[in-house]
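Quick notes on the structure that follows.
The values are calculated or read from the model by the stated rules, or taken from the named source; none is laboratory data. Being a predicted model, the structure only gives us computed values, none of them experimental. Note that each Cβ is placed from the backbone with ideal geometry, even for glycine, and that neighbours are counted across all protein chains shown.
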């Protein structure tokens, strides 16, 4: 892990971005840590956005609370329910 000041970030942005592929870089302003530069790939972006989206977190928490309140459904009952649905569909 390395440190880079805001001034260095401004003047050497591309070099610092390339270095972030190898290790996290702590960005400092006036000697104090301000941000962490962490390399992500396009594949990681979707996961990152979901994990850090407040609306998504709220939906998950609500779904879990609903599950706990209702008690959920066991696997065997769910399989039977899905098999009944499959039997009703006509193509």
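Residue by residue, here is whether (1) touching a strand residue (DSSP E or B) at 6+ places or on another chain (Cβ under 9 Å); (2) modelled with pLDDT of 95 or more holds:
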site: 6; (1), (2): yes, yes
site: 16; (1), (2): yes, yes
site: 29; (1), (2): yes, yes
site: 32; (1), (2): no, yes
site: 44; (1), (2): no, no
site: 72; (1), (2): no, no
site: 89; (1), (2): no, no
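Under 30 Å from residue 11 (Cα atoms), exposed (fewer than 10 other Cβ atoms within 10 Å of the Cβ), free of Cβ contacts under 8 Å to residues at least 24 places away in the same chain and within 22 Å of the chain's Cα centre (by Cα): does that describe residue 32? So residue 32 fails the test.
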